[in-house]
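We did not get these values from a lab; they are worked out from the coordinates using the rules stated. These figures come from a predicted structure and were not determined experimentally. Glycine gets a Cβ as well: all are built from the backbone with ideal geometry, and neighbour counts include every protein chain shown.
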Amino acid sequence: MVRFAVAVRPPAEVLSRLAAWERPDLAGVHWSVPEQWIVKVRPLGHVPDQVVSPLLDALDAELDGAPAARCVLGPRTVRLGGQWLGAPVSGLNALGAAVFDATRELVPVTHPQPFRADLVLARGKVPRELAGLPVDARWTAREVVLVADRSAPGRPRFDDLGGISFGG
């Protein structure tokens, strides 16, 4: 089984801004690469491959007629659990609720938590000093993708298995 997530991919102009962001060489900090710059709307965990098609069908049915989501990245980085450096993304609450509703029957929610959307910038031993750095961007999300994380240590691999457009 592979780890899956329903996610929003920022557009090229946001990726360019993030690529220009300073990434100091720090022991134990592993900076993420553009392929990994997604905003998880719902992490699904390890899911069997045969659930992929029903997930895409459920998302398509749920998001038909849904409005576009105005995303705001930032304004400052946050340290998540001491192991991740993230940039919060606001504007995805309604989309997140719709995605949870659409996928709950196929992938039950086993650890309910408040909805939180972040774009992960780094992993590892993230020092406190990296929290609070300015980072900002805005975009309109009109698609979610079902992402399969097939990464291995030192080799990120995120495969988009299908996209669902919404918001006209």
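Quick one: angle between helix 52-63 and the longest Cα principal axis of the chain, in degrees between 0 and 90, rounded to 10, please. The helix 52-63 is inclined about 90 degrees to the chain. Under a 5 Å amide H cut-off, with hydrogens placed 1.01 Å from N, Ala68 pairs with Gly167 among residues at least 5 apart or on other chains. Among rounded, prolate and oblate, which fits the stretch 111-168 when a ≥ b ≥ c are the square roots of the eigenvalues of its C-alpha gyration tensor, a/c under 1.5 means rounded, and a/b larger than b/c means prolate? Judged from the Cα gyration tensor, the stretch 111-168 comes out oblate (a/c at least 1.5, b/c at or above a/b). Evaluated with a Cβ-only charge set (Lys, Arg +1; Asp, Glu -1), the chain carries a dipole of roughly 680 debye about its Cα centre, given to the nearest 20. The distance linking the stretch 98-163 with the stretch 1-42 is 9 Å (Cα centroid to Cα centroid, whole angstrom).
Once you place label points 7 Å from the Cα toward the Cβ at Ala12 and His111, how far apart are they in nm? For Ala12 paired with His111, the spin-label model returns 3.7 nm.
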